[in-house]
Amino acid sequence: MTQLITTLGPKRADELAMILPHEHIFVDLRTPDQPGYAEAEAADVIRLMEPELRRAQAVGVTALVDCAPIGVGRRADILLAVSIAAGMPVVVPTGIYREPWVPDWAYSASESDLSTWMLGELQGTISGTPVQAGFVKLSAGDDSLTMCETKILRAAGHAAAQVGAAIGSHTIRGRVVRDQLDILESVGFPSSRFIWIHASADPDFELNLEMARRGAWIEYDWIGDPSTDALFLDRIQRMLDAGFGNQILLSHDRGWFDPAKPGGGIPKPYTYISEQFLPKLAAAGIHDAIIQSLIADNPFRAFAR
Ligand SMILES: [Zn+2]
């Protein structure tokens with residue numbers, strides 16, 4: 001039986017309903033060498049983000065995937081504290097973001113060192129916390145992978161394949177995803193466990209289809225602005241028509257407490273999909289059973305192991 005690995009322990013499918021597969025509770029987009037990087041008091045993050053998680057629960061969200069790996073301020077201790085305060089299970093990644101957010105230690109680490117580190121977090125816990133990593137989050141340069149990004153990707157493939165975990169990557173261009181899948185397949189990682197994050201960023205929908213044919217998940221995770229709803233509806237409809245309804249993920253890529261801003265800034269809510277977007281899917285003639293699979297079954301299958 002597969003389970004979703006969360007801050008509140010492993011969860012079975014029958015314990016969950018709607019899952020948001022790409023959101024953020026805490027992010028620092030400054031590079032790790034900046035003063036004050038990723039620093040905050042858990043109580044301050046709870047004060048700002050617990051109400052957002054409660055608002056999400058009120059519109060049906062039962063779990064949320066936080067997509068900030070090493071490089072953009074991952075703080076598993078803070079995610080745990082917020083998660084407990086709100087009673088919301090949160091999936092926390094291992095992995096490293098792209099250059100120039102890669103920390104110095106990762107440049108000097110070998111592929112096998114990186115793989116051992118990720119495997120340790122996927123099987124055990126994230127250093128200094130009781131939180132087990134639920135998946136691997138990576139990224140790639142917009143036009144190509146650097147040598148270091150390639151090393152991290154290969155290491156992730158080895159580690160994730162051993163435990164059957166998913167790898168999600170922030171990748172803007174489909175041709176870079178093509179390279180990523182080639183590399184992952186060469187180290188024995190199945191494309192069916194790969195999540196193409198920000199798949200709508202590539203204007204060429206054919207590339208979404210090409211990666212779906214290879215088995216990858218296609219994540220439409222910038223939903224939240226009425227002016228782009230038609231674009232997402234169109235892509236979802238075309239994916240469904242092509243028979244890939246069981247490989248689509250929907251999310252907002254929103255939140256979050258930003259330690260670079262006074263008081264953490266002003267978070268954006270996690271409620272748009274429930275309140276605004278799902279009614280539009282229904283109005284477009286997409287059956288409720290399909291909508292339920294898009295928001296509940298799909299994210300569970302994508303991340304559970
Ligand atoms: Zn994101």
Grab the helices (runs of 4 or more DSSP H) fully contained in region 1-113, keeping just those with 2 or more residues being surrounded by 17 or more Cβ atoms within 10 Å (Cβ to Cβ) and more than 16 Å from the ligand (Cβ to nearest atom). 42-58, 76-86
When residues of region 240-266 are limited to those that are over 26 Å from ARG54 (Cβ atoms) and among the polar types (S, T, N, Q), the one least open to solvent (accessible area, probe 1.4 Å): GLN247
Quick check on my filter: what residues within region 267-285 are open to solvent by less than 10 Å² (accessible area, probe 1.4 Å) and not in a helix (DSSP H, G or I)? TYR270
In the set ALA133, ALA166, ALA160, ALA155, which member is within 16 Å of the ligand (Cβ to nearest atom) and either in contact with a helix residue (DSSP H, G or I) (Cβ under 8 Å, 6 or more places away or on another chain) or free of Cβ contacts under 8 Å to residues at least 60 places away in the same chain (or both)? ALA166
Given the criteria over 13 Å from the mean Cα position of the chain (by Cα) and open to solvent by 40 Å² or more (accessible area, probe 1.4 Å), does ALA230 qualify? yes
Exception for GLY128 within (1) modelled with pLDDT under 95; (2) buried (at least 22 other Cβ atoms within 10 Å of the Cβ) falls at (2)
Those residues of region 266-282 that are under 22 Å from the mean Cα position of the chain (by Cα) and in contact (Cβ under 8 Å) with a residue 24 or more places away in the chain come to a total of 11
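Each row is one residue, and each column tells you yes or no for (1) among the small types (Gly, Ala, Ser); (2) within 17 Å of the chain's Cα centre (by Cα); (3) surrounded by fewer than 24 Cβ atoms within 10 Å (Cβ to Cβ).
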{"position": "ASP142", "(1), (2), (3)": "no, no, yes"}
{"position": "MET147", "(1), (2), (3)": "no, no, yes"}
{"position": "ALA161", "(1), (2), (3)": "yes, no, yes"}
{"position": "ILE172", "(1), (2), (3)": "no, yes, yes"}
{"position": "ASP182", "(1), (2), (3)": "no, no, yes"}
{"position": "VAL187", "(1), (2), (3)": "no, no, yes"}
{"position": "PRO190", "(1), (2), (3)": "no, no, yes"}
{"position": "TRP196", "(1), (2), (3)": "no, yes, no"}
{"position": "SER200", "(1), (2), (3)": "yes, yes, yes"}
Give just the number: which of (1) over 24 Å from LEU8 (Cα atoms); (2) touching a His at 6+ places or on another chain (Cβ under 8 Å); (3) not in a loop (DSSP other than H, G, I, E, B) does LEU138 not satisfy? (1)
Can you tell which of GLY157, GLY120 is under 22 Å from ILE248 (Cα atoms) and either assigned to a helix (DSSP H, G or I) or in contact with a Ser or Thr (Cβ under 9 Å, 6 or more places away or on another chain) (or both)? GLY157
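The values are calculated or read from the model by the stated rules, or taken from the named source; none is laboratory data. All of these numbers come straight from a predicted model, not from anything done at the bench. For neighbour counting, all protein chains shown are included, and Cβ atoms are generated from backbone atoms with ideal geometry for every residue, glycine included. Each accessible area value is taken on the protein alone, full model and side chains, heavy atoms only, with ligands, DNA and RNA left out. Shrake-Rupley method; radii C 1.70, N 1.55, O 1.52, S 1.80 Å.
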